[in-house]
1. Rounded to the nearest 10 degrees, what's the angle between the helix 185-197 long axis and the longest principal axis of the chain, both from Cα atoms, 0 to 90?
2. Between the helical axis of 54-69 and the dominant principal axis of the chain, each derived from Cα atoms, what acute angle in degrees is found, rounded to the nearest 10?
3. Per-residue counts of other Cβ atoms within 10 Å, averaged by peptide: what ranking do you get for 21-28, 108-115, highest first?
4. Given springs between every Cα pair under 10 Å in a Gaussian network model of the chain, which of 87, 100, 79 has the largest fluctuation?
5. Shape call for segment 104-200 from the C-alpha gyration tensor, a ≥ b ≥ c root eigenvalues: rounded (a/c under 1.5), prolate (a/b greater than b/c) or oblate?
6. What residue among 48, 142, 56 shows peak mean-square fluctuation when the chain is described by a Gaussian network model with Cα springs under 10 Å?
7. Over the alpha carbons of the chain, what is the largest minus smallest coordinate on each principal axis, giving the biggest first in Å?
8. What angle do you read, to the nearest 10 degrees and between 0 and 90, between the alpha-carbon axis of helix 102-112 and the longest principal axis of the chain?
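What follows draws every value from the coordinates through simple rules; no lab data is involved. Since the model is a prediction, treat every value here as computed from it, not as a measurement. Cβ placement follows ideal geometry from the backbone for every residue including glycine, while neighbour counts extend to all protein chains displayed.
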Ligand code: ITT
């Protein structure tokens, strides 16, 4: 089956209900002229994330949205991982928050990290594109650095205030959105997606 490509004027559904992700994905998509509508705008409910890997959950979300909308759907399954916690919270990053309140998730991370000396941390983002014809593809991006405490910065979302990428002195939440977009896990995954499925 020929690989479909999206071009300027085509419509794509962003299969996410996370406003932070929607904002970053729209900025990344902008140069290509593709119309990116969010699943929330179409009234498509969030799919249950029953997978145990980022890839599985990304495919579940993209497929559910492509089937519900009849349009190509791009999902994002991502998370914050700590070496000292064997990669947790990882795929459970959103579930460590309560009612979308990330202060709970960050408090839990800081509690579980008490006394640990290895602060190595990384973000993972897996984007999945699901086409109405049944095809699905995934793209993974990672960014490595350290967990910092106390949290610093107000921009971005989620765990950004406690992540400082290697070679930098600011957390993701202290950087401008453009600086984060230049090096983030989401940007790396998006570049791989764009090279394959977007016409520049
Ligand atoms: P959708 O499933 O609707 O996309 P979600 O927030 O539930 O939204 P995930 O299951 O992929 O998404 O959870 C990923 C969590 O990891 C997310 O809620 C953030 O807290 C965190 N995360 C992902 N990318 C991040 C980033 O760039 N900066 C900070 N935290 C991030």
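1. 20 degrees
2. 40 degrees
3. 21-28, 108-115
4. 100
5. prolate
6. 48
7. The principal-axis extents, from largest down, are 53, 32, 28 Å.
8. Value to nearest ten degrees: 50.
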